[in-house]
Amino acid sequence: MKLNLKNYGINGKNKYFILCILLVFFLATCNIAPASSDDDEKDNLRVKLIEHDKTKYREELEYDGTNIVLDVVVENIPTNLGYSERSDEKDGGCKGLDVLMNYSEEYLKPVSFNWSEDFKDTKLKRYKMEDGKLDLSISFEDVVEKDFILGTIIYTPIKAGETELTMGGDITSNYGLSYNGNNPYYKDIEKVEIAGRYPSINYYDLKLDIKKEANYTGETKTTEKVDESSQNTDMADSSSLNIRVNQGETVVHVQEINVSQIEPKISVNVDTETVFDIKLVFLAIGMGLISGVAFGLFSRFGGK
């Protein structure tokens, strides 16, 4: 279909003016959707893999016979969202996180993961690198409200070629809410009007172009687990509960258990050996016999 502007009495300068307006309108329409998408993601937290001691993220890195040394960086942490469902105070910050990274065992051999100086003494943390996965978790003692480097991961290339590191996981706020784009926060302490929702997390994958494998023969450390129970070996195992049942309380109610470990293993041992007391059994039988005899005598003589 051909639009003939002459049929509508439009020609000359007016024709070019209208065409310019239509062109501007078309360009504006094309730019509206991406801008809206960018606005939605600008508040999201960001987890990136950046070359060690560098500050700028690059989507692809090239290696030629050297170890791959990367910092795990967390950025754009919100600090003052609003009132959460779990507290009468405003929420925000980062109190803990889990990161799961996938790597190709065909191209990469894990060497180690080193916690940054800020978190090397944190009591609750762990990591494990095996079967093509890096699984790490940490719970901060104090809420973190600024960008930070979680630690440094080291791989050694064992085969030339192209591969990729992909990530996922979870980050929680000061009051334990996940940054998943769904959890609401409220305008005031009454928690009636929703002011917004916790932002999501953007994980930045990294492509690796390995030109030559590395010849690394040093030590490796692919697992570490630190929790409060390992900090003080003189303390008794707090994850084992021993309960002795009294004669007067044959039912045991465990109302609450507070555990400060990343992977708690809780066992409840109920000691029933002292429940059966032979003295109490004979006493009960004796009292029953005496009561029976007394009742019989009373019935025999009292009824006359």
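Values in this text are rule-based calculations from the coordinates and carry no lab data. Treat the numbers as computed from the prediction; the structure is a model and nothing was measured. No Cβ is skipped: glycine too gets one built from the backbone with ideal geometry, and neighbour counts run over all protein chains shown.
Peptides 102-115, 208-221 ranked from most to least packed, by the mean per-residue count of other Cβ atoms within 10 Å: 102-115, 208-221.
Can you tell me the length gained on complete extension of the stretch D131 to T223, counting 0.36 nm per residue apart and subtracting the Cα distance? Full extension of this stretch gives 31.9 nm more. On the basis of the beta-carbon distance and an R0 of 51 Å, D170 and I290 show a calculated FRET efficiency of 0.15. Each label point was placed 7 Å from the Cα along the Cα-to-Cβ direction; for E162 and Y216 their separation is 2.3 nm. Each Lys and Arg adds +1 at its Cβ and each Asp and Glu adds -1 at its Cβ; summed about the Cα centre, segment 43-226 shows a dipole of about 200 debye.
Taking Lys and Arg as +1 and Asp and Glu as -1, the other residues whose beta-carbon sits under 10 Å from that of K191 total -4.
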